[in-house]
1. Out of B:Gln175, B:Gln64, B:Gln105, any idea which swings most in a Gaussian network model of chain B, alpha carbons joined below 10 Å?
2. Find, among the GluC sites (Glu not before Pro) in region A:89-192, those assigned to loop by DSSP (not H, G, I, E, B) with at most 14 other beta-carbon atoms within 10 angstrom.
3. Any idea what % of Cα-Cα pairs in chain A are farther than 32 Å?
4. Can you list the HN-Hα couplings for region B:146-158, worked out from phi with the Karplus curve (6.51, -1.76, 1.60; θ = phi - 60°), rounded to whole Hz and with x for Gly and Pro?
5. Taking all pairs of distinct Cα atoms, average 1/r, flip it, and tell me the Kirkwood hydrodynamic radius of region B:87-192 in Å to one decimal place.
6. How many nm separate the modelled label positions at B:Tyr50 and B:His34, each set 7 Å beyond the Cα in the direction of the Cβ?
7. What percentages make up the Cα-Cα pair-distance distribution of region B:1-51 when the bins are 10 Å wide from 0?
8. Sequence gap of 8 or more, or different chains, plus Cα separation below 26 Å: how many lysine pairs satisfy both in the protein assembly as shown?
Number of protein chains: 2
Amino acid sequence: MDPRVARRQARLDEVLDAAWEIARAEGLAAVSLHEVARRVGLRQPSLYSYFPSKSGLYDAMFAQGYRQLIDHVAAVSPRAADPRRGLVALSRAILGFAVADAARQQLLFHRTIPGFTPSAESYALAQEFLAFVTERLRAAGISERADVDIYTALIGGLGAQQVANDPGGNRWTKQLAAVLAMFFAHVDAKDA
Amino acid sequence: MDPRVARRQARLDEVLDAAWEIARAEGLAAVSLHEVARRVGLRQPSLYSYFPSKSGLYDAMFAQGYRQLIDHVAAVSPRAADPRRGLVALSRAILGFAVADAARQQLLFHRTIPGFTPSAESYALAQEFLAFVTERLRAAGISERADVDIYTALIGGLGAQQVANDPGGNRWTKQLAAVLAMFFAHVDAKDA
DNA sequence: GTCTATACTAAGATAGAC
DNA sequence: GTCTATCTTAGTATAGAC
């Protein structure tokens, strides 16, 4: 690969790391181009050769977050012989990823950053993730949209409560197995 | 009542209304003392006779939101002869309140405003609400903390997905009855 | 690609007069 | 309780040199 491209990519990664660091410490809204530049040893206007705007920085963070999420779940929970067991492992991976970083959870799943909406390319990554999950749900016998929606509410609900009311703990995440058992019983009850 | 007190309260309500209006239109983080003052026909420094700081404004919004929520659920779902039916009505009231205003949901239930934490008085209102709900859950035969936590995750999850992915619609809220039936089956299965 | 310099806008907060 | 005036800080963004 062209070393200039590699260097640029390395710089970009540094910049994004700095932005996430600020977001984790001070909140997503506290990320500023000045502070990011300060941390990587650049001047603020120099960041405009990496992003067209502040919103472009959020977009890059959004895309990076979903790429990491897709890699994470693919690595941690390969397709299993028992699809239900596989779905439990996948859910654990998603939930763990979500609660590990409250700022990331906010950006990826709640979209409460004023003035930011993901670009089409970035949004496609979110859809790719959803497609991955949907396929695993179908493999486990869950294909109706109503059930898929209930599933996303269950996982999202546990993650949101966990970071809002017991950050760093496991008061809600430890209910995952019980919640999934409840969900499976619900799905199976309709088929009977 | 002292008319001066009444006037002050009326002004305060105007100010809070303006703040909520901005929050709904531009997001919670976009609320500024300057813009609030502009909308109510005051100068920005005058707001400091109502709040000690910007954070104090958020605190007043937080307290007002929980007071409205408590009034809302108490009015809409009085104690019912059948506690399970009562719980369904209560849940519908809470969920309706939550999805009616995304900014309010963010402030009351997600706490993602950088630098804001509710005062003790305001937080007591949140606890009062939680106590109200917990009591109704107990009346319906649900008293274990694990089950209470699952309940809050269910309702919160539906509300969050609704405003994030289908604002103004009912794709998730319409699953409430199914989700509660699933939850009741889960609770009853353990007792059997 | 990075810099300096700067334009522009806006924010939270305080002092002191009325 | 509201005002004017002001301090202080900070932000996004652009122009143009190197």
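1. Residue with maximal mean-square fluctuation among B:Gln175, B:Gln64, B:Gln105: B:Gln175.
2. Of the GluC sites (Glu not before Pro), the ones in loops of region A:89-192 whose Cβ has at most 14 other Cβ atoms within 10 Å are A:Glu144.
3. 24
4. 4, 6, 4, 5, 4, 4, 5, 5, 5, 5, x, x, 4
5. Taking the inverse mean of 1/r over all distinct Cα pairs, region B:87-192 comes out at 14.8 Å.
6. Going from the B:Tyr50 label point to the B:His34 one covers 1.8 nm.
7. All Cα pairs, binned at 10 Å, distribute as 27, 51, 19, 3 percent.
8. The result is 4.
Throughout, read-outs are computed from the coordinates displayed, never taken from laboratory work. Just so it is clear, the structure is predicted and the values come from calculations on it, not from any experiment. No Cβ is skipped: glycine too gets one built from the backbone with ideal geometry, and neighbour counts run over all protein chains shown.
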